[in-house]
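Below is one structure, written out as structure tokens, with a few remarks after it.
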């Protein structure tokens, strides 16, 4: 029975094809690359059933139903955009047909337990991952946010701020700008003023009683350091002493916390450890960098996927060198796997193996690995996807018991090149 099921098994694809260089065409190229690679040595070939909805939502509805009616189709790759997934999702769920979109990023498209999967991390995961990395890995506390006032940049900023607060960090300032603006003087002035007024918690060792000093030593602070600070009547940032739950720990030990602000705007800017800037267009990189440099704002820049534009980064390297950003993609063009796939692609197409082709390739290759492992029904593939972690050429795809990929790459532009700092999973 397994042999007959394997012999007739198909992967469905529902894409908007332009028969050129559109997103759907590139995804299809990646899908075909993965299938050709698999079928070359497979005992049982996996077929492809393709439906082209050409951007029409009514045609998309019809195409999803056509794929669902074909019992040989066990899983569908597509559609492309978030609004299109919203049309396809109810049908996929009612027909118990696993549907995995390689590209859609809107929050809430793929609730846990459903038959719909997002291989691309959503806006929430992008914002939360950068907050977690900033606090838990870079150990930053004094963070400002400079966000576009529209589109997904503002949405990501909201999730970043919420996660910061959940980690015990209050952003020093939140300022908004319109994408494309050439003057950020008001926003930078706001950040400077907010930073100057921002009250930071300190412990004044010159005012501690003997019992409070003993409590700090018992908590784990170096006795030598404590005695030295008491002797010179020094102070320490409460977060440096207690970590993210500073107020809670201080209260439980009976340690008084003193709040103080920067003396001047210069002091405030010097104490600013990072600015998170979730761009919606890479064309803003030059403007942002030049404006920050002009107003002498020199701090760690943090961002998201729209910073991943090598031409813009290189052109503005003097201003933004060292920027750290998350991306759903990192293609190591020097790896043997990348060179092998690029070589194969060049034999059948004049297109490059870029991130969109990689989306199609990795999602399909992941599904083929699950099929090879014996997941041959729609239910089996759904359950397997929820608990599978796939190490792809562009990124890790892992749903961790849910339906949305929780993995991102953390990249840094430094000295004229982009390096991968880490592959991280949202908590």
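In table form, for the structure just shown:
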| read-out | value |
| --- | --- |
| Debye log10 I(q)/I(0) at q = 0.10, 0.11 Å⁻¹ for the chain, Cα point scatterers | -0.78, -0.89 |
| Neighbour-count order for 116, 363, fewest beta carbons within 10 angstrom listed first | 116, 363 |
| Computed [θ] at 222 nm, deg cm²/dmol, the chain (DSSP H ≥ 4; -39,500 (n - 2.57); rounded to nearest 500) | -13500 deg cm²/dmol |
| Cα long-axis angle, helix 123-132 against the chain (0 to 90 degrees, to the nearest 10) | 40 |
| Enclosed volume per residue, in Å³, of the convex hull spanned by Cα atoms of segment 27-67 | 57 |
| Between segment 81-113 and segment 286-309, the Cα center-to-center distance that results, in Å | 35 |
| D (Stokes-Einstein, µm²/s), Kirkwood Cα radius, segment 333-404, 0.692 mPa s at 37 °C | 245 |
| Spin-label pair residue 342/residue 281, simplified geometry with 7 Å Cα→Cβ offset, distance in nm | 3.0 |
| Expected-Rg normalisation [2.2 N^0.38 Å, Cα atoms] applied to segment 203-259 | 0.98 |
| 0 to 90° range, to nearest 10: angle between helix 82-94 axis and the chain longest Cα axis | 60 |
| Spin-label pair residue 376/residue 237, simplified geometry with 7 Å Cα→Cβ offset, distance in nm | 5.9 |
| Taking only Cα atoms of segment 41-92, radius of gyration then Dmax in Å | 12.3, 38 |
| Extension gain from residue 39 to residue 332, taking 0.36 nm per residue of separation minus the Cα-Cα distance | 102.9 nm |
| Spherically averaged projected area in nm², based on the convex hull that wraps the Cα atoms of segment 273-413 | 10.8 |
| Using a Förster distance of 51 Å, the FRET efficiency for residue 260-residue 18 (Cβ separation, nearest 0.05) | 0.25 |
| Inter-label distance for residue 420 and residue 245, nm, one decimal - labels placed 7 Å from Cα along Cα-to-Cβ | 3.5 |
| Burial ranking of peptide ranges 314-325, 129-140, 274-285 (average Cβ count within 10 Å, highest at the top) | 274-285, 129-140, 314-325 |
| Kirkwood hydrodynamic radius over Cα pairs of segment 1-156, then Stokes diffusion coefficient at 20 °C and 1.002 mPa s, in µm²/s | 123 |
| Label zone at residue 49, where the point sits 7 Å out along the Cα-to-Cβ direction: segment 87-108 residues whose backbone N lies under 16 Å | 91-100 |
| DSSP beta bridges in the chain [antiparallel fraction, %, rounded to 5] | 40 |
| Spatial separation of Cα centroids for segment 226-259 and segment 311-378, in angstrom | 48 |
| Residues residue 94 and residue 8, FRET efficiency given R0 of 25 Å [Cβ-Cβ distance, rounded to 0.05] | 0.60 |
| Difference of contour (0.36 nm per residue) and Cα-Cα distance, residue 61 to residue 314 | 86.7 nm |
| Packing-based ranking, highest mean first, of 412-423, 82-93 given that Cβ atoms within 10 Å are counted | 82-93, 412-423 |
| Using alpha-carbon coordinates, inclination of helix 185-197 to the longest axis of the chain, degrees | 50 |
| Which of 167, 367 has the fewest Cβ neighbours within 10 Å, and the rest in rising order | 167, 367 |
| Contour minus Cα-Cα distance for residue 383 and residue 189 (0.36 nm per residue) | 64.6 nm |
| For 26, 49, order by how many other beta-carbon atoms lie within 10 Å, fewest first | 49, 26 |
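We did not get these values from a lab; they are worked out from the coordinates using the rules stated. Please read these numbers as outputs of a predicted model, since none were measured by experiment. Quick reminder, even Gly has a Cβ in these numbers, built from the backbone with ideal geometry, and neighbours come from all protein chains shown.
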